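The values are calculated or read from the model by the stated rules, or taken from the named source; none is laboratory data. Note that the coordinates shown come from a computational prediction; the quantities given were computed from them, not determined experimentally. No Cβ is skipped: glycine too gets one built from the backbone with ideal geometry, and neighbour counts run over all protein chains shown. Surface areas here come from the heavy atoms of the whole protein model, side chains and all, with no ligands, DNA or RNA. Shrake-Rupley method; radii C 1.70, N 1.55, O 1.52, S 1.80 Å.
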Amino acid sequence: MSERRIGVYICHCGGNISDYVDVAAVRDAVKDLPDVVHAETSLFACSDGTQQDMIKMIRDQNLDGLVVASCSPKLHLFTFRGVSRRAGLNPFEYTQANIREQCSWAHTDDRAGATTKAIGLVKGAIAKTRESSALDPMAVQTTPASLVVGAGIAGLRAAIGLADLGLRVYLLERSATVGGWVGQFGPTFPNDRDGRAMVADLLEQLGERPTITLLTNAELTAKSGSFGNYEVTITVHGETESTVEATVGSIVIATGFDTYQPEIGEYGYGIDGVVTLAQFKELVEASPDGLRFADRPVRTVTYVYCVGNRQPGGNEYCSKYCCSATVHASLEVSAVDPSVHQYHLYRDIRTYGKYELLYEQSRKRGSVFMKFPDEVPPTVERTDDGRLLVTTRDTLSGNVDVTIPTDLVVLVTGMVPRENTELTKMLHLPVGADGFFNEIHPKLRPVETVVDGVMIAGTCQGPKTISESVASGLAAVAQSGAMLMKGVAELDPLVAVVDEGACTWCGECQQVCPYEAITAISVDGRDVATIDAAVCKGCGGCTSYCPSNAIDLLGATDAQMRALIENLVEVSVP
Amino acid sequence: MDVADHDERSGPRILVFSTNNISDPGIDLAGSRHLHYPSTVFTVTVPCSSAIKPTWILHAFESGFDGVFIGADGDECAYLPDCNARTARIAARAQTLMSEAGFEPQRVMMAALCSVCAEPFVNHMREFTEKMSALGRVRVLAS
């Protein structure tokens, strides 16, 4: 590597770093290293004043590399890339050394050790920067249109939001009717809003927006292209099958959930008088003058919670909505006839946040809540003389076994991921161990997937209430807007690249890339691998497979990583 | 000057391979909560643990690290659903390279680390450091 001109800033972070690390010693240890033309400590590297100083330093000293040793790059990587850009330095010549979260704060008990470690981290960052090169973000023109897959509550609301941003919208629904589960619901918690009425209202709003094309009985059958310009083919089934071709900049997946279907025999499922929560809600709605089942009045209802959820080895997650929905249903029952006995057999009641008030209300109206141990679930039987009996162990009454004669048993069933094999395969959607789709980051990037421009909204991501589903739908709208409204998008250039001279085209990389980013091209009469930068996700999974070490991941190249590693510690190996 | 001589006074040097979206936040969280682990632990970051070249692991030992810990993404990886299996393959290939070069293969360890796994990370670092202490400083074994 030819001579470099690198500037190094070591941040005090007020005292967050300098109270535990001798920052002056770090500066002194690196200031005379080859290629380091400037090193200083600063009280707050991220402050406006220091940023201005850095810009001046980069220009005056004609720096071609920058290292800031400060907090986690999660906080300020983009800050200092921005400083670089404003100073005319390529942002990918910038390296951040994390000497706060991964040094000073983790070693507040060991000042000497933390200082030595900080020196190593900064030396490593300098060595990595020495091996860095300028990279240009990839700019792509984007199409101002979105495809929404699934016209449940999240998809409907997202489609309206996208149209209001000025984007052309294709909303497709696999079934013949829109509205999903919510479109089949009557009153919903917490304030009795009617599910069907909400969907009807959204449909009316949809009709007022001519830039939305709604396609029912429709499926996404082909997708090509990349972020900003996906070419999609939608097949519409019916008496005659037709296809719709469209170009869209982003795709919002809102395919929803399925309800858990109990096995025959599971808590007595299959016995006359044992129903699921969904069936029970229909029953409540169909009995405005008092609850009846099979033409008999229902005097006692027994609810069994967590059916098909929170099961070791099965659906281990909690479905979040079912406790509140059940408690809400019990309030509807008691509103019509307060004399109905209601027993709630639960493992944990999770009427979280404001829904806790529903739980309190239900208890005040006479519902009895009994907690059963995980290892002794309730049993349900119909006796020879026709009585329906539920037996449960009540942990809150000294673990006594209680048998409840009842007219109706309601199995409180949760959500399961919907089967979407074709769609998952076509879009390369990441699926978690639970079967739901995965976001990039559960907190900071909650609706984006690793597939650029493809977002997930609603319960296809995991159990959600109606309000949470709509919120995530609108988050996908905002994110689509952020990606598409400028008309041009920048893609991160940290992708895998092939050294054509070293490649012998064995095809291994192509086989291990699930994104189909790698193909063979002919160069000077021989086949070599080539990677489509717009399709590559930058995971680096192919790099470790290459038997010729011919693939590098930009930002973590062989040269950069080896330089970084060997500069962290200074010892010789006997 | 407050600088420790890692070579003489302190324990074994551990290199941690971490991932940008999953284990990095977990390791950062350990620091944010001021949970202590040995200052001889150094973390480097890749997007996905399947991007670690086995030769980098070998290079860590050649550079003086006594142990390499791979923070794997478990089932959380947003890139590759099979990244655990891929990473296990990388670790196995690194162990082969290490054996050939004369380093004990048990100097490599892999475990899942999640984005909030602050305490598990700290526990791993303490335990792995103890294990590497028992093994002694890295050295090329006579063949």
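Within the range B:24-38, is there a residue that is open to solvent by less than 30 Å² (accessible area, probe 1.4 Å), over 24 Å from A:C536 (Cα atoms), in contact with a Ser or Thr (Cβ under 6 Å, 6 or more places away or on another chain) and more than 8 Å from every other protein chain (Cβ to nearest Cβ)? There is at least one residue in the range B:24-38 that is open to solvent by less than 30 Å² (accessible area, probe 1.4 Å), over 24 Å from A:C536 (Cα atoms), in contact with a Ser or Thr (Cβ under 6 Å, 6 or more places away or on another chain) and more than 8 Å from every other protein chain (Cβ to nearest Cβ).
For every residue, the table says whether it meets (1) modelled with pLDDT of 95 or more; (2) under 30 Å from A:A118 (Cα atoms); (3) of a type in the set (K, R).
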| site | (1), (2), (3) |
| --- | --- |
| A:A489 | no, no, no |
| A:C503 | yes, no, no |
| A:M561 | yes, yes, no |
| A:E566 | yes, yes, no |
| A:E570 | no, yes, no |
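Residue check: is A:A106 aliphatic (A, V, I, L, M), open to solvent by less than 30 Å² (accessible area, probe 1.4 Å) and not in a loop (DSSP other than H, G, I, E, B)? It is false that A:A106 is aliphatic (A, V, I, L, M), open to solvent by less than 30 Å² (accessible area, probe 1.4 Å) and not in a loop (DSSP other than H, G, I, E, B). Among residues of the range A:512-544 being among the polar types (S, T, N, Q) and touching a residue at least 24 places away in the same chain (Cβ under 8 Å), the one that is least open to solvent (accessible area, probe 1.4 Å) is A:T543.
Within the range B:109-124, if we keep just the residues that are surrounded by 18 or more Cβ atoms within 10 Å (Cβ to Cβ) and more than 11 Å from B:G71 (Cα to Cα), the residue that is farthest from the chain's Cα centre (by Cα) turns out to be B:A118.
For the condition open to solvent by 10 Å² or more (accessible area, probe 1.4 Å) and in contact with a Gly (Cβ under 8 Å, 6 or more places away or on another chain), A:C323 does not qualify. Of all the criteria given as (1) facing chain B (nearest Cβ under 7 Å); (2) surrounded by fewer than 18 Cβ atoms within 10 Å (Cβ to Cβ), the one not satisfied by A:M561 is (2). For A:P547, the conditions (1) touching a strand residue (DSSP E or B) at 6+ places or on another chain (Cβ under 8 Å); (2) surrounded by fewer than 20 Cβ atoms within 10 Å (Cβ to Cβ); (3) over 29 Å from B:R137 (Cβ atoms); (4) within 12 Å of chain B (Cβ to nearest Cβ) all hold with the exception of (1).
Among the residues of the range A:479-512, those identified as within 13 Å of chain B (Cβ to nearest Cβ) and among the acidic types (D, E) are A:D492, A:E508. The number of residues in the range A:1-28 that are touching a strand residue (DSSP E or B) at 6+ places or on another chain (Cβ under 9 Å) and of a type in the set (G, A, S) comes to 3. Does at least one position in the range A:93-116 carry a residue that is more than 14 Å from chain B (Cβ to nearest Cβ) and modelled with pLDDT of 95 or more? There is at least one residue in the range A:93-116 that is more than 14 Å from chain B (Cβ to nearest Cβ) and modelled with pLDDT of 95 or more. Restricting attention to the range A:109-157, the residues that are open to solvent by less than 40 Å² (accessible area, probe 1.4 Å) and either under 25 Å from the mean Cα position of the chain (by Cα) or polar (S, T, N, Q) (or both) total 19. Looking across the range B:39-88, the residues that are surrounded by fewer than 24 Cβ atoms within 10 Å (Cβ to Cβ), among the aliphatic types (A, V, I, L, M) and either in contact with a helix residue (DSSP H, G or I) (Cβ under 8 Å, 6 or more places away or on another chain) or in a loop (DSSP other than H, G, I, E, B) (or both) come down to B:V44, B:L58.
Condition check ((1) farther than 18 Å from B:C48 by Cβ; (2) open to solvent by less than 10 Å² (accessible area, probe 1.4 Å); (3) modelled with pLDDT under 90; (4) more than 13 Å from every other protein chain (Cβ to nearest Cβ)) across all residues:
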site: A:N420; (1), (2), (3), (4): yes, no, no, yes
site: A:A433; (1), (2), (3), (4): no, no, yes, no
site: A:N438; (1), (2), (3), (4): no, no, yes, no
site: A:K443; (1), (2), (3), (4): yes, no, yes, no
